[in-house]
Amino acid sequence: RSTDGGASWSNVVLKLPGNLKVGADPSVAFDGSSNAYMGGIGFNRGGPSGGKDGTVLVWKAAGGNFTGNENPVVVAQGSRDVFHDKPYIGTSNLDGAGTDDVFITWTAFYMVGPYTTGFPILFSRSLDGGATWSPPQQVSSDIVTQGSVPVKGPGGLYVVWYDFGTFSNASLDDRSDDSI
């Protein structure tokens, strides 16, 4: 972080839970009360097929100042069969109640042996400042997707992502739905 307009920078290493050894794919959002939220994944490097146990995590720093003492909340637990990847976090006062919701989207790679069987976009939301999260909900209509970004827009919450279809052409897709 920088407190002098970018003239100098400091950093901090955030905690990973349990036996997770590697953190990746950070994204940061601030709520209206100056709390910072960082979304990312924790995983372990594994064998020739790459990482395993990709788990979606969210850290919260009151006042926007991460110290390295924050414990992450697990939003979606990874496993040998599911690797969660590329989470992106956002905040917004979605319901007009005066407090910001925190939301995160990511891609879930479903594995069978060494092969990927699908990778839809999932969504989860916290209504209590990141302490607890809703069960993941699939929001993409296609299972060949990646790179989701949630954002509040006119009429609700929008999620945009790349839809790779047949892997030959990428297109931009989106979903706005009052149910998410």
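The values are calculated or read from the model by the stated rules, or taken from the named source; none is laboratory data. Nothing here was measured: the structure is a model prediction, and the numbers come from that model. Glycine gets a Cβ as well: all are built from the backbone with ideal geometry, and neighbour counts include every protein chain shown. Ligands, DNA and RNA are excluded from the accessible area calculation, which covers all protein heavy atoms including side chains. Shrake-Rupley method; radii C 1.70, N 1.55, O 1.52, S 1.80 Å.
Here Gln77 meets the list (1) at pLDDT below 90; (2) open to solvent by 40 Å² or more (accessible area, probe 1.4 Å) almost entirely, failing just condition (1). With respect to the stated conditions, Gly23 fails to be part of a loop (DSSP other than H, G, I, E, B), modelled with pLDDT of 85 or more and open to solvent by 30 Å² or more (accessible area, probe 1.4 Å).
Restricting attention to the range 50-74, the residues that are farther than 12 Å from Gly40 by Cβ, in a strand (DSSP E or B) and open to solvent by 60 Å² or more (accessible area, probe 1.4 Å) add up to 2.
Provide a single number: the residues in the range 90-134 that are at pLDDT 85 or above, part of a loop (DSSP other than H, G, I, E, B) and within 22 Å of Asp31 (Cβ to Cβ). Within the range 90-134, residues that are at pLDDT 85 or above, part of a loop (DSSP other than H, G, I, E, B) and within 22 Å of Asp31 (Cβ to Cβ) number 8. Pairs meeting the criteria (first residue in the range 117-137 and at negative phi and acidic (Asp, Glu), second residue open to solvent by 10 Å² or more (accessible area, probe 1.4 Å) and assigned to a loop (DSSP other than H, G, I, E, B), beta carbons under 8 Å, at least 6 apart or on different chains) are lacking.
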